[in-house]
Amino acid sequence: MNKKSRLVGVLIGVLAGLAHADKPVYVAGNFNGHGYELIPTPTPWHLAKKKAEEKDGYLVVITSEKENEFITELVRKSTNGELCEVWIGLEDEKSEGDWRWINGEKYTYNNWDKSNPSNSDGAENAVQLIKTDEKLQWNDRSSDRRCAYIIEYDHEMDSNGRASSGKTKSNLRSTR
Ligand SMILES: [Ca+2]
Ligand SMILES: [Ca+2]
């Protein structure tokens, strides 16, 4: 093996090591005219909700199988093929078992894990995605837990993969 191929071998080893990192990284994408970004910073549910609102978005609302598939792929992309815990915008804080999407959309589609919602210790009122049999399914969890989260926007992300909020868009339009 010459020097160059040894170097290539080392580089491949380093890249393979990185590929096994299971911590999520930032990713963004568009689906059905909406933008989505996965924020990897472990964050309690209420703070994640607030951060999404500050960016003129909301914690992701999943209302169809197709949207669920898109979200699953987004999470895989963020973690090099793995699946991880991620907050979504569903809660039953006001009334136990009365699940509500935070953007007011009707709760009809669901993707609960078979042993959830469990409301364990009477204190699980926010919903996270969890890995079950290579799938992502829903689990109610204490909102104090720190998880990555997905922000959804009612418009697509810009070509740089950044959040292009309504505000930013109109700013761009007014820029000559
Ligand atoms: Ca509950
Ligand atoms: Ca639970």
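Couple of notes before you dig in:
- Gyration tensor verdict on segment 112-154 (Cα atoms; rounded if a/c is under 1.5, prolate if a/b is larger than b/c, oblate otherwise): oblate
- Taking the square roots of five times each eigenvalue of the Cα gyration tensor of segment 24-174, the equivalent ellipsoid has semi-axes of 25, 17, 14 Å, listed largest first.
- Centroid-to-centroid, using Cα positions, segment 111-127 and segment 38-107 are 15 Å apart.
- Taking the inverse of the mean reciprocal distance over all distinct Cα pairs, the Kirkwood hydrodynamic radius of segment 35-120 comes to 14.1 Å.
- Exceeding the 23 Å Cα-Cα cut-off - candidates 51/135; 51/114; 55/135; 23/114; 66/135: 51/135; 51/114; 55/135; 23/114
Values quoted throughout were computed directly from the atomic coordinates according to the rules given, and no laboratory measurement underlies them. These numbers were taken from a predicted model, which means no experiment stands behind them.
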